[in-house]
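The structure appears right after this line, and notes come after that.
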Amino acid sequence: MNFSLEGILKELKSKDFYNIEIIRSTTSTNDVLKSVAKQGELEGKVLVALSQSNGKGRLGRNFFSQETTGLYFSVILRPILLPKDSILITTAAATAVAKAIKEVSGKNAKIKWVNDVFVGSKKVCGILTEAGIKNEKYLDYAVLGIGINAFYPENGFKNEIKDIAGAVFDNNADGMRNKLLAKILDNFYDYYKNLTKKEYVKEYISLSCAVGEEVTVISNGVEKDAFCIGIDDECRLIVKYPSGEKGVLSSGEISIKIKSV
Ligand code: BTN
């Protein structure tokens, strides 16, 4: 079946939680949902766009969002969560995506802390969570945005990303996007119901490709070599620098490169 609302709903178990809309094109599904979340739109609203003209990634980067080959969507969430804990949304989503890729394509997906999902040495998915704050304490809303390269573009990926980007499926079998999206939403909902219990974190850690690897930590443009010792139950990366000093890294402005990937 073609990629369609009907096709997604046929596969989706958590229908009561989600309210899905598919549109042909927009600037950024995150931007659109942030704007409607501020106006009171309910938790569970999902906006899927077939293409985005201004898809956004972490750290102000662009997210290449070409029509027909990707899965670009955002979800409005209204958890009772402190802003510092919004990393739980991103990491639960990464776990949901990696698990869904395995379930639908049979491929082993790995998570590169904090928000990227890889198949082999190629990035197939990026996640961007953006939040608004209420009463200067708790989140008012969070918009979880997920961008996946489902298929390879006919003329290949753009030059800027062709060395790092990969796709989940080898062939353009359109119905697979229905299954993949439904699985991601179902998996995510399972984790989200009890998010603060952090039961998914063990799975997040076991899917991580950073633990036990030499990494480069990049913070404000400065690169430092380190060894990744582990990830703690708040999804912070624990590293050891060559000096012997230990670092506990929260995602914020920090990203890593993994030397073996
Ligand atoms: C990253 O790789 O740094 C995160 C990429 C997140 C992309 C998704 S696509 C759907 C949603 N809308 C956006 O503008 N960004 C996210």
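The values are calculated or read from the model by the stated rules, or taken from the named source; none is laboratory data. Please read these numbers as outputs of a predicted model, since none were measured by experiment. Here the Cβ is made from the backbone with ideal geometry for all residues, glycine too, and neighbour counts use every protein chain on show. Areas reflect the complete protein model, heavy atoms only, side chains present, ligands, DNA and RNA absent. Shrake-Rupley method; radii C 1.70, N 1.55, O 1.52, S 1.80 Å.
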Points 7 angstrom from Cα along the Cβ direction at Glu199 and Glu136: gap in nanometres?
3.7
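Which pairs break 25 Å Cα to Cα here: Lys123/Lys246; Lys84/Lys257; Lys45/Lys193; Lys15/Lys197; Lys107/Lys183?
Working: Lys123/Lys246 28 Å; Lys84/Lys257 23 Å; Lys45/Lys193 16 Å; Lys15/Lys197 23 Å; Lys107/Lys183 14 Å.
The pairs that break the limit, which is 25 Å between Cα atoms, are Lys123/Lys246.
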For region 3-139, what is the percent of antiparallel DSSP beta bridges, rounded to the nearest 5?
70
Probe 1.4 Å, heavy atoms of protein chains only: per residue, the accessible area of the chain in Å² is 48
Normalise the Debye intensity by I(0) for region 91-163, one equal point scatterer per Cα, no solvent, then take log10 at q = 0.14, 0.19, 0.20 Å⁻¹ and round to two decimals.
-0.53, -0.82, -0.88
FRET efficiency for Ser206 and Asn171, using Cβ-Cβ distance with R0 set to 30 Å, rounded to 0.05:
0.55
Tell me what the chain gives for mean residue ellipticity at 222 nm when only DSSP H runs of n ≥ 4 count, each as -39,500 (n - 2.57), the sum divided by the residue total, rounded to 500 deg cm²/dmol.
-7000 deg cm²/dmol
Gyration tensor on Cα atoms of region 98-243, a ≥ b ≥ c root eigenvalues, a/c under 1.5 rounded, else prolate if a/b beats b/c, else oblate, says oblate
Ignoring ligands, DNA and RNA, please state the percent of accessible area on the chain from carbon and sulfur, probe 1.4 Å.
47
In terms of Cα to Cα distance under 19 Å, which aspartates and glutamates are near enough to Lys102, apart from those fewer than 8 places away along the same chain?
Glu11, Asp116, Asp170, Asp174, Asp186, Asp190, Glu203
Under the Karplus relation with 6.51, -1.76 and 1.60 and θ = phi - 60°, whole-Hz ³J(HN,Hα) for region 95-104, x at Gly and Pro, equal 5, 4, 5, 4, 5, 5, 4, 4, 5, 8
Could you derive backbone 3J(HN,Hα) for region 34-44 from the dihedral phi with the Karplus parameters 6.51, -1.76 and 1.60 (θ = phi - 60°), listing whole Hz in sequence and x where the residue is Gly or Pro?
4, 5, 6, 5, 5, 8, x, 4, 6, 4, x
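Assign one of three labels to the chain, namely rounded, prolate or oblate, based on the Cα gyration tensor with a ≥ b ≥ c the square roots of its eigenvalues; rounded applies when a/c is under 1.5, prolate when it is not and a/b is larger than b/c, and oblate otherwise.
Values: a/c = 1.61, a/b = 1.23, b/c = 1.31.
Oblate shape, in that a/c is at least 1.5 and b/c is the bigger or equal ratio.
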Build a GNM of the chain with springs between Cα atoms under 10 Å: which of Tyr138, Tyr72, Tyr191 gets the top mean-square fluctuation?
Tyr138
At what distance in nm do the modelled label points of Asn19 and Asn62 sit from each other, each positioned 7 Å from its Cα along Cα→Cβ?
3.4
Treating only Lys and Arg (+1) and Asp and Glu (-1) as charged, each at its beta carbon, one finds that region 175-261 has a dipole about its Cα centre, in Debye to the nearest 20, of 300
Along region 134-142, Karplus-curve 3J(HN,Hα) (6.51, -1.76, 1.60; θ = phi - 60°) to the nearest Hz, with x for Gly and Pro, reads 10, 6, 6, 10, 8, 5, 7, 8, 10
